[in-house]
Structure formats: C-alpha cells, structure tokens
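Below is one structure, written out as structure tokens; comments come after it.
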Amino acid sequence: MRALVDTGASQSLVDPRLVKQLELEEEEIGWIVGIQTAPIQVPLVTVRGAAIGRCPLKPFKAGIIDLTNLRIGVQLVLGINAFRGYRLQFNFAQGKLYLLS
C-alpha cells in the first residue's frame with residue numbers, strides 16, 4: 001500500500017478500494033475540511049494494525065474518500081491523528097521520516 005504523510009492534515013483519509021480490500025466497516029459520519037473547500041461529510045473507519053517500518057501506529061480514524069484525484073497513486077493519507085504517541089522528524093536531504101517515541 002502507498003501512503004502519503006500529510007502533517008498539515010488533522011484527519012487521515014483512506015480510499016474506498018482499500019477499505020474494501022481490508023474489509024473495514026463504516027462506523028460513523030465525520031466532517032473533513034480542506035483548504036479552500038467547504039466541509040464535507042464522509043463515512044469514517046478505524047484503521048488498525050498499520051505500521052511505518054517497525055513502528056506500529058495506534059488505531060486511528062480515517063475518512064473514506066476517493067483519492068484517485070490526487071494522481072499520485074496513494075491509497076492512504078496519514079494525517080497527524082495517525083501519529084498519536086510519536087514525534088515526527090523529517091530528513092528532507094535523505095528523504096527519510098523518523099518516528100520518535
């Protein structure tokens with residue numbers, strides 16, 4: 001699975017095709033607010049068992065939304081809510097992300 005880390009996003013997003021593949025169940029309806037867009041209501045799921053490298057992520061909510069319009073081939077956008085319990089450190093020169101507990 002390809003994911004994008006979006007530290008400017010408070011909420012994570014997941015493509016409906018990945019929801020189906022992982023057999024996630026819609027739990028509730030939530031609001032997603034984008035830059036220069038009106039808030040929209042989307043179904044939410046809880047993503048469990050996700051990890052980055054050897055760092056497991058705690059379960060987090062993600063809004064179901066079609067991500068194909070991004071045109072970068074990602075199935076999951078990890079907002080800051082996915083990194084609860086971690087501090088993020090980016091090394092842009094090396095193209096690396098470090099999760100620090």
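No lab work stands behind these numbers, since they all come straight from the coordinates. Model, not experiment: these values are computed from the prediction. Here the Cβ positions follow ideal geometry from the backbone for every residue, glycine too, while neighbour counts run over all protein chains shown.
Numbers for the structure displayed
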item: Among residues of region 50-67, those that are outside any strand (DSSP E or B) and closer than 22 Å to Glu25 by Cβ, counted; result: 7
item: Conditions (1) assigned to a strand (DSSP E or B); (2) within 16 Å of Gln75 (Cβ to Cβ); number of the one not met by Arg17; result: (1)
item: Only one of Ala38, Ala93 that is in a loop (DSSP other than H, G, I, E, B) and more than 17 Å from Val5 (Cα to Cα); result: Ala38
item: Qualifying residues in region 53-97 (those that are touching a residue at least 60 places away in the same chain (Cβ under 8 Å) and more than 11 Å from the chain's Cα centre (by Cα)) - the one farthest from Gly8 (Cα to Cα); result: Gly73
item: Only listed residue being among the polar types (S, T, N, Q) and touching a helix residue (DSSP H, G or I) at 6+ places or on another chain (Cβ under 9 Å), chosen from Thr37, Thr7; result: Thr7
